[in-house]
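Take a look at the structure set out below.
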């Protein structure tokens, strides 16, 4: 896998879920329609990972994303299909193919943009109590429905 390096400064990779039910497909077309209905000029994420593990390039890396307000200028947005269980509650619904593709994509992005931080969208919520930790009761949303720091911690500690 190769990702084209760009001139825009990147220091953050933000992981998202589409916040859609795992028992219902949510295609790239569905994602684009959803984002346009919210007033975006197309899909706000740079990459979208379908349940079969296919990685779709959905916004050129040269273009600033529309995925994490206040953090878009220097970030890349990666979204996976799902994030809600069949009852519509937040859950880690990633398939083994999505897990593998997400890992490969993040490793590639870290190679192309060394020193970048990898985080979940929920972890960009404000630290309301000022203790230096974004705790679950402070999350503005549950996205991406899994703990990115636990998932990618070993990669991030060993990337230097």
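Computed from the coordinates by the stated procedures, all read-outs in this text should not be read as laboratory data. The model shown is predicted, which means the values in this text are computed figures rather than measured ones. Heads up, the Cβs are rebuilt from the backbone with ideal geometry, glycines too, and the neighbour counts pull from every protein chain shown.
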Give me the Debye-computed log₁₀ of I(q)/I(0) at q = 0.12, 0.15, 0.19 Å⁻¹ for region 12-157, equal point scatterers on Cα only, no solvent, two decimals. -0.46, -0.74, -1.22
List the relative contact order of region 21-96 as a percent without decimals, with contacts defined as Cα pairs under 8 Å and 6+ residues apart. 32 percent
Highest mean first, how do 80-91, 32-43, 96-107 rank when packing is the count of other Cβ atoms within 10 Å averaged over residues? 80-91, 96-107, 32-43
Antiparallel bridges, percent of DSSP beta bridges restricted to region 12-157 (to nearest 5): 20 percent
Label point 7 Å beyond Cα of residue 11 along Cβ direction - residues of region 76-90 with amide nitrogen under 20 Å: 76-78
Any idea what the relative contact order of region 12-157 is, in percent, if you count C-alpha pairs under 8 Å spaced at least 6 apart? 28 percent
